[in-house]
Structure formats: C-alpha cells, structure tokens
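Shown next, in structure tokens, is the structure this report addresses.
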Amino acid sequence: MLQLLNLIGSELKPANDGEWLDQIEPATGEITGRLPRSKASDVDQAYAAAAQAFPTWSTTPVEGRAACLRKLAQLISHNSAQLAEAESRDNGKPISLAQSVDIPRAEQNLAFFASAIEQFPSEAHIPAGPSHINYTHRKPIGVVGCISPWNLPLYLFTWKIAPALAAGNCVIAKPSEITPVTAWMLSQWVLEAGFPPGVLNIVHGLGPEVGQAIVSHPSIKAISFTGGTVTGAHIARTAGPMFKKMSLELGGKNPAIIFADCDFEKALQTTIRSSFANQGQICLCSSRILIEDSIYDRFRDALIEKVGRMQPNDPMIPGTKMGAVVSLAHRDKIMEHIQSAQAEGATLLCGGSIADAPNARCEGGYFVQPTVFEDAGPECRINQEEVFGPVITLQRFHTENEAVQLANSSPFGLACTIWTQHIGKAHRVAAGVESGIAWINCWLVRDLRTPFGGVKDSGVGREGGWNALQFFTEPQNVCVSIT
Ligand code: TXE
C-alpha cells in the first residue's frame, strides 16, 4: 500500500491531525494507498514555509530558477516509465496515453517555462521628444495557490506550478484527491532539483477542506485553478472579494463542426479521437458533433461502425485505447446523463451501458461503453451540460450560419474543431464561434506559447506562454524623468 505525504518546507509529512483518505485504482476498484487529509493548519504551515522562502527565491536570478525547473524536468524524464505506470493506475487512462502524452508533457511544461522566463520581455513606453520613460517592472506576486484536477494529473499540475515558480513565486499546490500519486512522486524530487525548501509545497486532501483553505487564505495572493465550472464559481465567490488574481480553467461542451467539403477520413478519425480520448475526460474533447446535412447519414454510419467496435480495456495493457473512467461517482454521473438523454427523447446509436470488465483483474473497475446519441435538440441537457465522459451527440446543420448558431448554443466556450477544405469558411466560422481555442482540420495540437483558456462558463483568463508569466507577475509601471 502506498502512503503519500505532504511536502511542506523540507519535510515530507502526514496531515497535522493524522487523518487519511483512501486512494482507489479505478480499473479495479481496489484501495491501493492512502493520502493525507490535510486541513487549514497544514496550509498555514505551508504558507509559513513559502513566505520564508520568498525573499530569496524571488530575487534568485532567472538562470538559477530556470536551472531548478530544468533539473526537475530531467528527473521526470529519468523516471518516466514509473510515472506513466502510476498515472495509468491512478487515473484509469491507457498506459500508452500516459507514456506518450501525460508524462512527456509534464517534462515539457517545466522545460518550456525554464526557457520562457529567460526570455520574458517587459514593455517600455517612450514618448516622442522624451522627457520621461515608462517601463514595466514585472514582480513575482508572492505566495500563490495552484489547484489541479484529476483528468490529466501531472500534466496539469506542472502546467500550473512551472510558470508560477519560474516567475519567482513560492507555491502551495494541491493535486486532485482522486489522482494524487504522480504529484507525490514529484514532491520527492523537488529538493534534489535544487529548489530551496518552501519554494514548492504540495498538500493533499479534499477540495472543500484543504483546497478551500488555500483559496481563502488571506495572504495567498493568486489562485490558478483547473476543474469544474461549479467549483470555479465557488472559488471566484471566495477569492473575488479578497481581490486575489484568479485564472479559472473550467469545463467545456465543445463542438466539432463537420462541413461536407472536409477531408472525410481525416475528419472521421480525428473526431473519434477528439470524442473518446482519455474516455472523453479531457476538457478539450468534442462532445457535440455538428454535421452538414448532405453528409450527415454517411458520416454518422461510418462513425457508428467504428465506435461500435471500440471497447474499454484494462488500462495497463500496452495496446489499450480506452481505459476506465476515473471513479465510481464519476461513472454514476455519466450513466445518469445517458439515462437523462434517453428520457429527453434522444436516439441511442451505440453504447449507453456500463461496459463489462475486460478481465478478471478489472472485475470491480469502472468502465463505460463509448456512447453516441442523435435527435437531441440543442436545448437538451445532454447538449448543454458537460458529461466529461465517453458520450457524444450528433446534430445536423444546413448552413454555415446555422452551424455557428448551434456551436454557440451552450453555456460553455472552451474549444471547437472545424472541418472544411475552404480556408475562408474555416476562418469565418472560427471567428463566429464563441471559444478560446479553435482547431481547423486538427485537434489537440498544442504549442505551449499560445493562449489557452475559455470564454463564457469555460472560465476567465488565459494560460500558456507569456499569458501565464503575466498572470503570475504583478506589473508595476516605473516612470523615470530623463530631463
Ligand atoms: O472537479 P472539481 P472534479 C469538470 C468535469 C467533472 C467536474 C467535477 O465536468 O465532472 O469538473 O470533477 C479542487 N476550493 N472537470 O470533482 O471538484 C479539487 O480537490 C478549492 C473539468 O474533480 O472542480 C481538485 O483538486 N479547491 C476539468 C480540483 O479542485 C477545490 C477537469 C478540481 O476539482 C474546491 C476536471 C474548493 N471548494 C474536471 N472543491 C477541466 N476543465 O480540465 C474542489 N476543489
């Protein structure tokens, strides 16, 4: 049995009051370890360690901070096989996905922000016939909180801590209580990477307890959060009146818009991937597939033919493409959405049930069949609420305007994909769709320099590249007389 600990200052330790939470492997339903159930007093200790470390870390030259980030990236790389196995076991995702996406990206996040901070520019404003020069001094904020979800555990954890640390802040980070293991593994290498004690603290526990303690701590100045929209709204209600900086990356209900002039095979293959990768548990997954009328039947039939043959399998088997969903509660939530869609009159084209266990090891695991509906109107719950599972709907459109209208008929606005060979149309549709990200004839291509985030209920703020470094710094305008 694994026993996870908090990293506070230089110490790996249990929660102050000695309480624990069970850690469950979703593919088997078995308890595989326990993690500290931390509370406000653990956050207070982490804050004290971080505040003590801040004066030195914030004035460490960027090359020194970058070196620590690069060393941590290297340690991830050296331990990538164990990390990928742990991520797959903890989350239920196929091990091949953890090996090819999650762990390499965690390493890249740290390496990327090590380089980014070395090149982070600042602005100057020099009027004609100058008597004064203004320049922007970007200072680290202080002690900041980073709260990450369970779907891409180490990937999103590092995506938040890397720019925060690079910019000279000290961090209190909380991974999801549902998938804490890889953050725990990382916490054992933080000091080895050269970070002074207290610069990065990692506390485990429940969102409403330790997460809430981070968000409401009076001296933690900024919160970077990725997770559900309801949680994001709650965090904003707490942190807003305290005038904290906030970056909220929330849910999605992303449309894939398939025009008749698309590259049919590429659109089909990629839409299947964008719908069911990580069992549909990526905030960027497509969940509403909008198809132009003239190819609707052909696209639907080809999609169903392929999706109907997909079955979840043991995530630890190398060839597995679909694994377990993350928890029993989440499986129940997905199944409730499926039942509600049927009650609302949607036609089930394939899936719709809990999947059989793929082998004896996985008898107690949480598996859902990939599920496709049609005939659900845009106002149906299944087209309005985020399911965050392997469930999609197909809708028909006749005109470009109707496609944009349908795409925008959800409260969310994170990402969209557009499939057409007509570049002008693709550009017009991208401009018309209310989303922070639009992919044309591709999906999940991520350049870490680009702005990442959503509009509407998908959140506020942008991460990635300079956006993240700007978020994690406080700009001060300095005006110098040169007369
Ligand atoms: O998210 P939560 P959950 C969506 C998706 C999913 C839903 C719920 O729809 O079904 O969110 O998932 C911490 N103060 N996404 O329950 O609860 C929590 O401990 C401070 C979309 O995991 O939002 C965890 O570390 N922190 C998403 C993190 O917030 C709190 C990815 C996310 O948990 C807190 C995952 C509080 N009061 C889920 N309550 C995406 N967009 O990538 C919880 N937390």
Tally the DSSP beta bridges in segment 254-447 and give the antiparallel ones as a percent, rounded to 5. 15
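Under unit Cβ charges (Lys, Arg +1; Asp, Glu -1), what dipole magnitude, rounded to 20 debye, does segment 254-447 have relative to its Cα centre?
Values: 16 positive and 23 negative charges, 100 e Å.
Here segment 254-447 has a charge dipole of around 480 debye.
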Which listed residue (53, 418, 431) has the Cα farthest towards the positive end of the charge dipole for the chain, taking +1 on Lys and Arg C-beta and -1 on Asp and Glu C-beta about the Cα centre? 53
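Rounded if a/c is under 1.5, else prolate if a/b beats b/c, else oblate: with a ≥ b ≥ c from the C-alpha gyration tensor eigenvalues square-rooted, which is the chain?
On the way: a/c = 2.02, a/b = 1.30, b/c = 1.56.
Note, shape of the chain comes out oblate.
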Residue 444 label point, 7 Å along Cα→Cβ, cut-off 15 Å on backbone N: hits in segment 278-313? 278-287
Where nothing but the Cβ of Lys and Arg (+1) and of Asp and Glu (-1) is charged, how large is the charge dipole of the chain around its Cα centre, in debye to the nearest 20? 1060
Highest first, please rank the peptides 15-27, 332-344 by the mean number of other Cβ atoms sitting within 10 Å of their residues. 15-27, 332-344
As straight-line cross-link partners of residue 245, the qualifying aspartates and glutamates (C-alpha separation under 14 Å, not fewer than 8 residues apart within one chain) are 463, 474
Once neighbouring chains are kept in place and the probe is 1.4 Å, which whole percent of the accessible area of segment 254-447 is contributed by carbon and sulfur? 51
Give the cross-link partners of residue 425 among the lysines, using a straight C-alpha distance below 21 Å as the criterion and excluding same-chain residues fewer than 8 apart. 266
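Looking at this model, which pairs from 13/253; 39/244; 139/253 are more than 28 angstrom apart at the alpha-carbon?
Pairs exceeding 28 Å: 13/253; 139/253.
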Reach of residue 71 by Cα under 19 Å, taken over lysines that are not fewer than 8 positions away in the same chain: 160
Rounded to 5, percent antiparallel among DSSP beta bridges of the chain: 45
Selected from 137, 126, 169, residue furthest toward positive end of dipole (segment 105-174; charges at beta carbon): 169
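The values are calculated or read from the model by the stated rules, or taken from the named source; none is laboratory data. None of the values given here were measured: they were computed from a predicted structure. Every residue, glycine among them, receives a Cβ derived from its backbone with ideal geometry; neighbour counts consider all protein chains shown. Note: areas computed on protein heavy atoms with side chains; ligands, DNA, RNA excluded. Shrake-Rupley method; radii C 1.70, N 1.55, O 1.52, S 1.80 Å.
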